[in-house]
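What follows is a single structure, written as structure tokens, with notes after it.
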Amino acid sequence: MPALSAPPQPQAGRESESQRPEAPPGLEPLLIDIDGMKCASCVRAVEQRLMDQPGVRQASVNLLTRTAWVELELASTRADQAGAQPGAALLQALAGLGFAARLRDGDDGEPFSPRQQRQQRSWWQQWRQLMVALLLLLVSGLGHVGLVAPTLWTGPAGLVLTAEWFHALVATAALLGPGRGILIHGVRSALAGMPSMDTLVGLGVSSAYGASVVGLLWPASGWPCFFNEPVMLLGFVLLGRFLEERARFRTGRALEQLAELQPDTALLLFAGGPPRPVRVGGLRPGDRVQLLPGDRVPVDALVLEGASAVDVSALTGEPLPLQAVAGSELAAGSLNLEAPLVLEVQRSGAESAVARIIQMVEQAQSRKAPIQGLTDRVAGRFTLVVLGLAMATFLFWWLLGTSLWPHVLHLDHHDVGHAGHGVFGVSAETPFSLALQLAIAVLVVACPCALGLATPTVITVSSGLAARSGLLFRGGDAIEMASRLQTVLFDKTGTLTRGRPLVRALEPAGGVSVDQLLQVAASLESSTRHPFAHALLQEASARQLELLTTSDCSTVAGAGVVGLVAGQPSRVGRLNWVAAAPGGDWEARQQALEAGGASVLAVATGERLLGLVAVQDTPRPDAAAVVGKLRQLGFNLGLLSGDRRQPVQQLGALLALEPAELAWDLRPEQKLEQIVARRAAGPVAMVGDGINDAPALAAADLGIAVGTGTQIAQDSAALVVMGDGLEGIVVALRLARRTMAKVRQNLVWAFGYNLIVLPIAAGLLLPGFGLLLTPPLAALLMALSSITVVVNALLLRHA
């Protein structure tokens, strides 16, 4: 992924551009929107179907956002492209399960517009189904009230409303209208061998309807006739799903607010003419646009003319505005506060910082937290267990239960939820009718939806909140790991320090001028992006020194830079690396410079040591406060640096780090050893920003990259902190802990709900307490259980 931070800054790595590792070849990530998923069983069915397709290496499905993230081998992608779009075979496979799917297309630079349109159509369809179902429920309810209170309805209208054939017509209309989709999808899932929530509801509704039809057409059978129950079931199920859908939309609102930062239009400048408004999707690199005060930057752009304060808090969380001048790079979504600016487009809308952040967060939401693995395993078999329990309930109460407790057929309670002829159900007069009612209640009250939503709802809310604060988690697994951390380790240069050091002293050897020493060092370092290079180049520019020609330059990780300067082999870096035997005098001079907290570079041409350059950085303003807050949160801390002992100790003293928490003179492989050693106390996080830090970031349990760092550091990290501060680390770790607390609450509720209501629905309390959980009430409880999980996740926004 392209760099998420705006203007390139001097970086803390010591590795040439050619040495940067690339993404694993041969894989194509795809994001697929999937309609029709209702529960965790649907998630399991979709994941299994995707994994069964040729070329699929990994598939992760998010029930809340109804998306699937798939890693597809490029060979399969090319095969698809020969006759259709990449991943077309995956869409056809999902269509075979009854799920309409489409590839996410963000090329237009407006990643949410198509989704919003489909969502609006989906809501309108759900709204129509709900209104029809509730209207039928009202009509059925009026007739049912007439059965309870015969004197209430009189005349021809009363006769019609209380007639069984009228209720049969209402139930038929409910099944063929708003219930048709549930029945069709339930049958498809069952035929595919992967029964879902729709299978349970459809079986319950059709069982009640079928028994009622038999009872109506063949009264001598003694079968119950309760046409009102399928109508009530569908009404409550659709009402719950509609409310749940509205709550789901709110969980993803933070991400859509990020998308809304990018305006729809921009003022395009033409030579010799006034600015013209154009759609942002039509802008291309090289176009010039005008940005007025109060407008948001439409695309990633470079300032050509003007100066103004720009608010970047929506992207990075930085409270202070950026002072933009000619040459500054601005990210899309930034807000111009003061004066007009003329910008040159650097990247189109689909490649802008906002679009890339959204893409990263969407992929993160599709990556599951490990804690969800247990839920998925349980939910995948949950529907089959419920079907077995419903059958066992039916057979027990039909064949044995009423013989053991005959009084249950003569209970006459009119309270909601009790046996009797109440508003939520009819009395059970035969063993068969009682057994059927209880079996239907078991089918309907079970809620794999709550199990499936328990984790992804919280992860979605959390990752959206994090993105708005300039924190980019790579996935639910990163959030869970962040909540379990015990140790946080920091790199020094560019992480705890500003990464913008200055040259403090130049000590040339005899016969070497200060300018000659600096000229060789700056020329050689100009091939790198280390902060030290920035310091040397800045000092050379201030002295108006021309850089010498260089060639064959390369970076030796943890040591320095080697190459040809004006045709002479030269080195810049550690003293004991630049010169095999520097001598006691040079080591003493180095120690004297380091005593003031500076980092010392040695410079050599051929076998001759030219001198020493002292470069000193300053701590980040918030470094000490962040270290203190992390210590208060109970984290073990550490500083791992490749720098010499004295600068590291001096920085440690400024940040109140203990001597035992400091390590210096570390090569990249030694940092890995330190991480492994400290892992004994629990999971370890590594915070860094440079190419040197990439191996440590990848090796740590959680790699954290600051947003001003190199692209390789960001790609190696599981958490990217945007902006130029460290406070986001504290915010991210606190948010991760709150997130997992919410996840555990949801899981306790989801499992606890099913463990409690399923035995009640099966009639556990009927013999002793006369409590009968009727199917309509069971449907209402099922809907409320899913809504509760989503609402609890939304409370994370106010914690």
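The values are calculated or read from the model by the stated rules, or taken from the named source; none is laboratory data. Quantities reported herein were computed from a predicted structural model and do not represent experimental measurements. Please note: Cβ atoms are built from the backbone with ideal geometry, for glycine as well, and neighbour counts cover all protein chains shown. With ligands, DNA and RNA removed, areas are computed over all heavy atoms of the protein, side chains included. Shrake-Rupley method; radii C 1.70, N 1.55, O 1.52, S 1.80 Å.
In this view, the solvent-accessible surface of Phe270, computed with a 1.4 Å probe and all protein chains in place, comes to about 110 Å². For the range 542-597, taking the reciprocal of the average inverse distance between every pair of different Cα atoms yields a Kirkwood hydrodynamic radius of 13.2 Å.
Between amide H atoms placed 1.01 Å from N, distances below 5 Å from Leu662 occur with Leu639, all of them 5 or more places distant or on a separate chain. Between the range 468-482 and the range 167-231, the C-alpha centres lie 44 angstrom from each other. Principal axis extents of the C-alpha atoms in the range 496-630 (largest first, rounded to whole Å): 51, 31, 28.
For Gln323 and Ala625, the FRET efficiency from 1/(1 + (r/R0)^6), where r spans their Cβ atoms and R0 equals 25 Å, is about 0.60.
Please tell me the relative contact order of the range 506-611 in percent, rounded to the nearest whole number, where contacts are Cα pairs under 8 Å and at least six residues apart.
Numbers: 160 pairs, mean separation 26.7, N = 106.
25 percent.
Summarising the overall dimensions of the range 575-651 from its C-alpha atoms, the Rg and Dmax are 16.3, 52 angstrom.
Think of the range 508-648 as having a plus end and a minus end, set by charges on the Cβ of Lys, Arg, Asp and Glu; of Pro569, Ala581, Ala623, Ala623 sits farthest toward the positive end of this dipole. When nucleic acids and ligands are ignored and a 1.4 Å probe is applied, Cys225 ends up with an accessible area of around 40 Å². What would the Debye formula give as log10 I(q)/I(0) at q = 0.15, 0.20, 0.21, 0.25 Å⁻¹ for the alpha-carbon point model of the range 274-345, no solvent? The computed values of log10 I(q)/I(0) come out as -0.42, -0.75, -0.83, -1.16.
The label point for Asp552 and the one for Gln568, both projected 7 Å from the Cα toward the Cβ, are 1.6 nm apart.
Taking 7 Å steps out from each Cα toward its Cβ at Ala681 and Arg284 produces label points 5.7 nm apart. The modelled label-to-label distance for the pair Leu103/Trp577, using points 7 Å beyond Cα in the direction of Cβ, is 4.5 nm.
For the range 523-642, a crude dipole built from +1 on the beta carbon of Lys and Arg and -1 on the beta carbon of Asp and Glu, taken about the Cα centre, is about 340 debye to the nearest 20.
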